[in-house]
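The values are calculated or read from the model by the stated rules, or taken from the named source; none is laboratory data. This is a predicted model, so every value here is computed, not measured. FYI the Cβ positions are ideal-geometry reconstructions off the backbone, even for glycines, and counts take in every protein chain you see. The accessibility values were calculated without ligands, DNA or RNA, using every heavy atom of the protein model including side chains. Shrake-Rupley method; radii C 1.70, N 1.55, O 1.52, S 1.80 Å.
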Amino acid sequence: IFIPENVSIIQSSPFHGCNLKKITVSPGNSTYDSRNDCNGIIETATNTLIVGFPFTVIPNTVYAIAGNAYGNNASAVESVVISDSVVEIGTCAFSCTHIKEIVLPASIKKINRCAFNNNAFLETIEFKGESTKYIDGFTRCPNIKRVIVPFKCARKFKNRPEAGFLRAYIEEREQ
């Protein structure tokens, strides 16, 4: 699909249920882009990925992943690599995906409510950073078996009020 230069508003999950293989934004569009041929839609002014697909490569110039960004074909999303430039993951960004393991880079400071909600396939979460705030980001993820945190940070993560049910699965990464 091609987003022309005159498109200035894209609502949440605009291609829900569509089996798209390629998405590009016109180089003349001043609101959105698909830089580095990433196969996603980025809001240019904020460097926020607003639409992602199973084949989207998140560029290292993206600072946030918007709420419902992967809501288009959630069941087809089995893996995603989050670049070290991302600092925030929006509400329900990866809700209902089939991701089995997610590695959250140290750059991430906030994971919003239900970011990985209803993910029955998620088994492993790895936090690379010590200061990630996650407010109910992993609700209804019944198959989590491991939550890997930085060395010497298990107590810190377990004592957070937002840790909830994840406390039982927290383990420290080897040094």
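Considering (1) at pLDDT 95 or above; (2) open to solvent by less than 30 Å² (accessible area, probe 1.4 Å); (3) of a type outside the set (Phe, Trp, Tyr); (4) more than 21 Å from Asn6 (Cβ to Cβ), say which one Thr61 fails and leave the rest.
Thr61 satisfies every listed condition except (2).
Looking for something at pLDDT 95 or above and surrounded by 20 or more Cβ atoms within 10 Å (Cβ to Cβ) - is there at least one such residue anywhere in the range 5-24?
no
Please identify the pairs in which a residue from the range 16-39 that is under 14 Å from Tyr70 (Cα atoms) has its Cβ atom under 6 Å from the Cβ atom of a residue that is among the polar types (S, T, N, Q) and open to solvent by 40 Å² or more (accessible area, probe 1.4 Å), counting only partners at least 6 apart or on another chain.
From residues that are under 14 Å from Tyr70 (Cα atoms), there are no pairs.
Please count how many residues of the range 127-175 are open to solvent by 50 Å² or more (accessible area, probe 1.4 Å), under 23 Å from Ile99 (Cα atoms) and among the aromatic types (Phe, Trp, Tyr).
The qualifying residues number 2.
Pick from Asn60, Asn6, Asn36: which is closer than 19 Å to Val86 by Cβ, of a type outside the set (D, E, K, R) and not in a helix (DSSP H, G or I)?
Asn60
Which residues, taken from the range 105-120, are over 15 Å from Gly90 (Cβ atoms) and surrounded by fewer than 16 Cβ atoms within 10 Å (Cβ to Cβ)?
Selection gives Ala106, Ala120.
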